[in-house]
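Nothing in this text is a laboratory measurement; each read-out follows from the coordinates by a stated rule. As the structure is a prediction and not an experimental result, all values here were calculated from the model. No Cβ is skipped: glycine too gets one built from the backbone with ideal geometry, and neighbour counts run over all protein chains shown.
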Amino acid sequence: MSYVDGFVVPVPKKNLKAYRAMAKKCAKIWREHGALEVKECVADDVSKGKWTSFPRSVNLKPSETVVFSYIVYKSRTQRDRCMKKVMADKRLADMMSGKNMPFDAKRMIFGGFKVIVTG
């Protein structure tokens with residue numbers, strides 16, 4: 001079964017263009033290193049829930065929007081190989097150091113997931 005990395009990120013609305021440029025660059029590099037698919041999705045129909053929601057999960061501010069992203073891999077093993085290459089890729093050095101990030105990485109939620117159903 002395939003493997004997926006998922007992310008939820010608060011992005012200042014004024015930085016959405018910069019985030020998109022960064023995401024396009026990253027998607028290309030992830031694909032070069034073995035990712036099967038990369039999706040970056042900006043909130044369109046996302047309300048703040050009473051107890052839980054995407055906005056609550058990242059402590060969303062009024063000037064921000066939520067971005068939900070995922071990367072698909074053939075397997076966990078392939079994902080681990082890909083991530084090792086991505087983390088060593090010099091084209092991402094500034095981003096990996098935390099410089100020039102168009103969002104607050106401290107409020108990013110991420111994790112790896114085993115796919116259990118494909119439709």
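Length, then width, then depth: along the principal axes, the Cα atoms of the chain run 38, 36, 20 Å. Net charge dipole, the range 3-114: roughly 180 debye, given to the nearest 20, about the Cα centre with Cβ charges of +1 for Lys and Arg and -1 for Asp and Glu.
When the chain is described by a simple charge dipole with +1 on each Lys and Arg Cβ and -1 on each Asp and Glu Cβ, the residue from Thr52, Thr77, Ala88 located farthest towards its positive end is Ala88. Phi-derived couplings, Karplus 6.51 cos²θ - 1.76 cosθ + 1.60 at θ = phi - 60°, listed residue by residue for the range 113-118: 9, 7, 7, 10, 9, 10 Hz, with x used for Gly and Pro.
Taking amide H as placed 1.01 Å from N in the peptide plane, the amide H of Glu64 sits under 5 Å from that of Lys13, each at least 5 places away or on another chain.
Efficiency by 1/(1 + (r/R0)^6): what FRET value for Arg76 and Thr118, r their Cβ-Cβ distance, R0 = 22 Å, to the nearest 0.05? According to the calculation, E is roughly 0.90.
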